[in-house]
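Asks: Once you've had a glance at the structure underneath, I'll fire off some questions.
The values are calculated or read from the model by the stated rules, or taken from the named source; none is laboratory data. Small disclaimer: the values here were computed from a predicted structure and weren't measured. A quick note on method: Cβ atoms are made from the backbone with ideal geometry, for glycine too, and the neighbour counts reach across all protein chains shown.
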Amino acid sequence: MLTGVVLTLPAQTTRRNSTYQLSVTANVTASVLIQSRDNRNFSPIRGRTNMNVTLPAGTYSLEVSASGHASQTRIITMDRNKAENFTFGTTRRQQPVTARLNITSNVNGASVVISGAGNYSGTAPFRMEIPQGNYTVSVSAPGYTMQSRTLSLQRNENLHFNLQQPLATIQIVIPSESLNRTTNNPMSLINIFDNGMLINSPVFTVQPGQHTIQVISGGFATQATLIVEGGRTYTIRPSLSLSIE
């Protein structure tokens, strides 16, 4: 009688000395970190997509990260050649850092124009959150001289513009026939007053408004009151003549 012989064969296992190719790709440029989960002697591998690397058989942690996106991690078993592709969503644009700009003026409703890192406009009082950066701020109003300032906006800022009306020019012209030619420098003997203040020149500038101009020489004096407008020139010609009756 024959006795049967039973042979027990070992189960097939992955050969630990086998190596395989891993390809890592993504729809954006990203950083790649590969770490072994079962081999403490394995040195982590770092790189960038798209990359190809040869790995011993085993289990690995594959982490892929890209700026502006949440990182993605996969656990993979290298028992054959593999290609891993990662898809990231559309990158969100970073919101610019802003600061509050407050603009006031002595003239309510004055026009405000801001140019530079961005372009903005409005009227005083003006308040807006705008991106930080370099700007030129101009404020203007009818009848006033425009003012401009440069600004490096890095934090909340308050700007006040005190607009001024343009000055008027007054010139006193003494007719030559009224001057005493027998005196050296006869103009030096004539005093000119604006609203009671002595003026040392026959040509001077004044603020818009009412002005009383006096011309005094010795015992002779004459005066006139006028309303002046900014930006204009006024010529006053006092004269001394004789009237025969």
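Asks: Inside segment 233-245, can you point out the residues that are in contact with a strand residue (DSSP E or B) (Cβ under 7 Å, 6 or more places away or on another chain) and either modelled with pLDDT under 90 or loosely packed, with under 12 Cβ neighbours inside 10 Å (or both)? Can you show your working first?
Replies: Taking segment 233-245 first, the residues in contact with a strand residue (DSSP E or B) (Cβ under 7 Å, 6 or more places away or on another chain) are 233-236, 238, 240.
Those that are in contact with a strand residue (DSSP E or B) (Cβ under 7 Å, 6 or more places away or on another chain) and either modelled with pLDDT under 90 or loosely packed, with under 12 Cβ neighbours inside 10 Å (or both): T233, T235, P238, L240.
Asks: Go over the candidates G109, G118 one by one and state the one that is in a loop (DSSP other than H, G, I, E, B), among the small types (G, A, S), under 20 Å from the mean Cα position of the chain (by Cα) and not assigned by TED's automatic domain parsing to the domain that holds T25. Give the derivation first.
Replies: On the way: G109 fails: under 20 Å from the mean Cα position of the chain (by Cα).
Only one candidate passes the filter, namely G118.
Asks: Sticking with this one: Confirm whether Q154 is under 14 Å from the mean Cα position of the chain (by Cα), farther than 30 Å from F193 by Cα, surrounded by 14 or more Cβ atoms within 10 Å (Cβ to Cβ) and without any contact (Cβ under 8 Å) to a residue 60 or more places away in the chain. Spell out how you get there, then give the answer.
Replies: Working: under 14 Å from the mean Cα position of the chain (by Cα): yes; farther than 30 Å from F193 by Cα: yes; surrounded by 14 or more Cβ atoms within 10 Å (Cβ to Cβ): no; without any contact (Cβ under 8 Å) to a residue 60 or more places away in the chain: yes.
Spelling it out, it is not the case that Q154 is under 14 Å from the mean Cα position of the chain (by Cα), farther than 30 Å from F193 by Cα, surrounded by 14 or more Cβ atoms within 10 Å (Cβ to Cβ) and without any contact (Cβ under 8 Å) to a residue 60 or more places away in the chain.
Asks: Say whether the condition of being under 28 Å from Y144 (Cβ atoms), out of contact with any Cys (no Cβ under 8 Å at 6 or more places or on another chain) and among the aromatic types (F, W, Y) is met by at least one residue in segment 212-226. Outline the logic, then answer.
Replies: Step one: list which residues in segment 212-226 are under 28 Å from Y144 (Cβ atoms), which gives 212-213, 224-226.
If we keep only those that are out of contact with any Cys (no Cβ under 8 Å at 6 or more places or on another chain) as well, we get 212-213, 224-226.
Next cut, among the aromatic types (F, W, Y) only: none.
No; the residues of segment 212-226 include none that is under 28 Å from Y144 (Cβ atoms), out of contact with any Cys (no Cβ under 8 Å at 6 or more places or on another chain) and among the aromatic types (F, W, Y).
Asks: Taking segment 136-151 only, how many residues are surrounded by 15 or more Cβ atoms within 10 Å (Cβ to Cβ), more than 13 Å from I103 (Cα to Cα) and not small (G, A, S)? Before you say what the answer is, go through the steps one by one.
Replies: Taking segment 136-151 as the starting set, the residues that turn out to be surrounded by 15 or more Cβ atoms within 10 Å (Cβ to Cβ) are 137-141, 144, 147, 151.
In the following step, the residues that additionally are more than 13 Å from I103 (Cα to Cα) were identified as 141, 144.
Next, only the ones that are not small (G, A, S) stay: 144.
Total satisfying the criteria: 1.
Asks: Considering only segment 213-232, how many residues are farther than 14 Å from N191 by Cβ, surrounded by 12 or more Cβ atoms within 10 Å (Cβ to Cβ) and of a type outside the set (K, R)?
Replies: Step one: of segment 213-232, the residues farther than 14 Å from N191 by Cβ are 224-232.
With the extra rule that they be surrounded by 12 or more Cβ atoms within 10 Å (Cβ to Cβ), the set shrinks to 224, 226, 228-232.
Narrowing further to those that are of a type outside the set (K, R): 224, 226, 228-231.
Residues in segment 213-232 being farther than 14 Å from N191 by Cβ, surrounded by 12 or more Cβ atoms within 10 Å (Cβ to Cβ) and of a type outside the set (K, R): 6 in total.
Asks: Moving on to the next point. Is there a residue being farther than 30 Å from P96 by Cα, among the charged types (D, E, K, R), surrounded by 13 or more Cβ atoms within 10 Å (Cβ to Cβ) and out of contact with any Ser or Thr (no Cβ under 7 Å at 6 or more places or on another chain) anywhere in segment 193-207?
Replies: Residues of segment 193-207 farther than 30 Å from P96 by Cα: 193-207.
Next cut, among the charged types (D, E, K, R) only: 194.
Subset that is surrounded by 13 or more Cβ atoms within 10 Å (Cβ to Cβ): 194.
From the residues that got through so far, the ones that are out of contact with any Ser or Thr (no Cβ under 7 Å at 6 or more places or on another chain) too are 194.
Yes, there is a match, as at least one residue in segment 193-207 is farther than 30 Å from P96 by Cα, among the charged types (D, E, K, R), surrounded by 13 or more Cβ atoms within 10 Å (Cβ to Cβ) and out of contact with any Ser or Thr (no Cβ under 7 Å at 6 or more places or on another chain).
Asks: Just name the residue that is farthest from P131 (Cα to Cα) out of those in segment 170-191 that are touching a residue at least 24 places away in the same chain (Cβ under 8 Å) and surrounded by 15 or more Cβ atoms within 10 Å (Cβ to Cβ).
Replies: Top of the filtered list is S178.
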